[in-house]
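First up is the structure itself, then whatever we jot down about it.
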Amino acid sequence: DRVRLLEDILDSLDVGALVCDENYKVISANRAAREMFGSEETERSLLEFTMSNELRALAERARVSREATEEKIELSHPRSRHVIARVRPCASDRLLLALADVSELVRLERVRSDFVANVSHELRTPLASIKALAETIAEEENMERDEMNHHLHRITGEVDRLTALSNDLLTLSEAESKPSRKAQVNLSQVAREIGEQYRPQAERKGLGYSLHIEDDVVVPLDRDQIVQVLANLLSNAIRYTPEGAVSLTLSAQNGTAVLQVKDTGIGISREDLPRIFERFYRVDKARSRETGGTGLGLSIVRHIVNAHGGEVDVESAVGSGSTFTVRLPIERA
Ligand SMILES: Nc1ncnc2c1ncn2[C@@H]1O[C@H](COP(=O)(O)OP(=O)(O)OP(=O)(O)O)[C@@H](O)[C@H]1O
Ligand SMILES: [Mg+2]
């Protein structure tokens, strides 16, 4: 009974536990270990059971040194994962192996370091331009006013870019750290207000621009955050539409508020579509540089919409335009 109880306890753990005999044969494996290696059969060598030379070597080191030994190991069988493996020699020349899966931590660490690398890169490019432009002005003593103005104009453009980047980063970090402060908000009013703010920008480009907004759609929202969502989707639609029209629609359907931003712009290819919500992802880096995008807008949109218990979808075809649809639950959660 006690043995049975101990087995139950071991099986309830998330840490994979293996016991090997003096010949490195696996004599016992808990549920987590069996799942980790996709095997129900014990009574096999540690190497056969785990297919990991590193783990086998670690076990040997522990046995020879008679000391508990620990290492971070990447397993490849049956699928790739990172574990912290601890091997402890115990009675009758046996070895106890404990394997904690840290794949998710490793993944998050990679996301974090990619993010820092991306931010550094995005900062460096405009800073290098500003420095080069400033040096050109400094070096040429008799520069024509026109030429000087041209350089100054470009410096201003790069500074605007840096400002936009830092604003986006701030919004993203606020959206991620603060829980959204939801209150019953009349989304119809917000959509009209932000929709009208973008009208001049669309009309300057000669685009058709229309709002189709159902009255009094009231949704539990963080108003500031939903303004960000609308602003990002509308600015994208206008930015990526050289000619044609942009429209914003809001309606309530079966307990869901449905916001739609539709454009007849350049569209997004099937390969790029799944990636556009990633941080810093831009379909056309060169072109996006000209138009000033940093690739954070849609990651902010998705983050905020998900934090509201909603979803954002996109349908698009290259050359004929894109439709972004945001669905938000109207009922208080
Ligand atoms: N309406 C759209 N039509 C075509 N492509 C789009 C549209 N919206 C987004 N994209 C593509 O998705 C990419 C990511 O969009 P996102 O809003 O995240 O970044 P951005 O607009 O480049 O920069 P910003 O951070 O200033 O918003 C864009 O660079 C663009 O290639
Ligand atoms: Mg954008």
Among the residues of region 285-312, what is the count of those that are assigned to a loop (DSSP other than H, G, I, E, B), within 13 Å of ligand 2 (Cβ to nearest atom) and either modelled with pLDDT of 90 or more or more than 14 Å from Asn232 (Cβ to Cβ) (or both)?
1
Being surrounded by fewer than 14 Cβ atoms within 10 Å (Cβ to Cβ) and touching a strand residue (DSSP E or B) at 6+ places or on another chain (Cβ under 9 Å) is the filter here, so list the residues in region 12-26 that pass it.
Asp14, Glu22, Asn23
Of the residues in region 175-189, those that are over 26 Å from Leu248 (Cα atoms) and without any contact (Cβ under 8 Å) to a residue 40 or more places away in the chain come to Ser177, Lys178
Given (1) closer than 18 Å to Ala257 by Cβ; (2) in contact (Cβ under 8 Å) with a residue 12 or more places away in the chain, where does Glu193 come up short, assuming only one miss?
(2)
Note on Ile84: of the conditions (1) buried (at least 16 other Cβ atoms within 10 Å of the Cβ); (2) at pLDDT 90 or above; (3) β-branched (Val, Ile, Thr), unmet is (1)
Are any residues in region 136-152 surrounded by 11 or more Cβ atoms within 10 Å (Cβ to Cβ) and outside any loop (DSSP other than H, G, I, E, B), and if so, which ones?
Thr136, Ile137, Glu147, Met148, Asn149, His150, His151, Leu152
Which members of region 37-70 meet the condition of being buried (at least 18 other Cβ atoms within 10 Å of the Cβ), small (Gly, Ala, Ser) and in a helix (DSSP H, G or I)?
Ala59, Ala62
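Conditions tested, residue by residue: (1) within 24 Å of Gly267 (Cα to Cα); (2) more than 16 Å from ligand 2 (Cβ to nearest atom); (3) part of a helix (DSSP H, G or I).
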| site | (1), (2), (3) |
| --- | --- |
| Ser173 | no, yes, yes |
| Glu176 | no, yes, yes |
| Val185 | no, yes, no |
| Ser188 | no, yes, yes |
| Gly195 | yes, yes, yes |
| Arg199 | yes, yes, yes |
| Tyr209 | yes, yes, no |
| Val219 | no, yes, no |
| Leu233 | yes, no, yes |
Mind checking which residues of region 303-314 are touching a helix residue (DSSP H, G or I) at 6+ places or on another chain (Cβ under 9 Å) and either farther than 24 Å from Asn186 by Cα or among the charged types (D, E, K, R) (or both)?
Glu311, Val314
Being out of contact with any helix residue (DSSP H, G or I) (no Cβ under 6 Å at 6 or more places or on another chain) and more than 15 Å from ligand 1 (Cβ to nearest atom) is true for just one of Leu221, Leu207, Leu211, Leu233. Which residue is that?
Leu221
State which residue pairs qualify: first residue within 25 Å of Arg107 (Cβ to Cβ) and inside region 65-76, second residue small (Gly, Ala, Ser) and not in a strand (DSSP E or B) in any location, beta carbons under 6 Å apart, and separation of 6 or more residues or different chains.
Leu75/Ser52
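The values are calculated or read from the model by the stated rules, or taken from the named source; none is laboratory data. No experiment lies behind these values; they were computed from the predicted model shown. In this analysis, Cβ positions are derived from the backbone assuming ideal geometry, glycine residues included, and neighbour counts consider all displayed protein chains.
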